[in-house]
Amino acid sequence: MIRKIMRETVFLTQKAEPATLADLSVAQDLLDTLVANKDGCVGMAANMIGVNKRIIAFDNEGSYMVMFNPEIVKRVEPYEAEEGCLSLTGTRKTKRWKSIKVQYQNERFKTRFKTFTGWTAQIIQHEIDHCEGIVI
């Protein structure tokens, strides 16, 4: 189901609760909403659709990927970026890392590790910031 984009900063600055198997439908709503907004959005966190759970969805080099309970466990080579967000107006400068290693759970809640670089890594960092209650 396509959901409305959350714009209330008070809600967006709350740290997300861990996701569980009961949140699989939230992940589907997140994907549906991301696809519906693909012209102006490459990634979303569950709090952007009004659900305070640690779930992100993003464009992973042409196909969509969902992560439950993602955590960055390694960061390499910082740089300054400028980003926008569907939940906010305008763009803001922020610090990002060229390469990140992420620990997450897949849709079966099996723990996985994967390294991402470049644009995909930047998208993931933005969405994990959402999970931490950090808005750029």
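Read-outs: derived from the displayed coordinates by stated rules, not from any lab. None of these values were measured; they are calculated from a predicted model. Because the Cβ atoms are built from the backbone with ideal geometry, glycine has one as well, and the counts that use them run over all protein chains shown.
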* **Selection within the stretch 117-128 - surrounded by 19 or more Cβ atoms within 10 Å (Cβ to Cβ) and touching a residue at least 40 places away in the same chain (Cβ under 8 Å)** => Gln122, Ile123, Ile124, Gln125, His126, Glu127, Ile128
* Being assigned to a strand (DSSP E or B), closer than 21 Å to Leu31 by Cβ, in contact with a Phe, Trp or Tyr (Cβ under 6 Å, 6 or more places away or on another chain) and touching a residue at least 12 places away in the same chain (Cβ under 8 Å), is that true of even one residue in the stretch 70-81? -> yes
* Look through Ala45, Ala81 and report the one residue that is in contact with a Leu (Cβ under 9 Å, 6 or more places away or on another chain), small (Gly, Ala, Ser) and under 16 Å from Asp129 (Cβ atoms). => Ala45
* To do: Within the stretch 95-104, track down each residue that is under 23 Å from Leu24 (Cβ atoms) and crowded, with 21+ Cβ neighbours inside 10 Å.
  => Tyr104
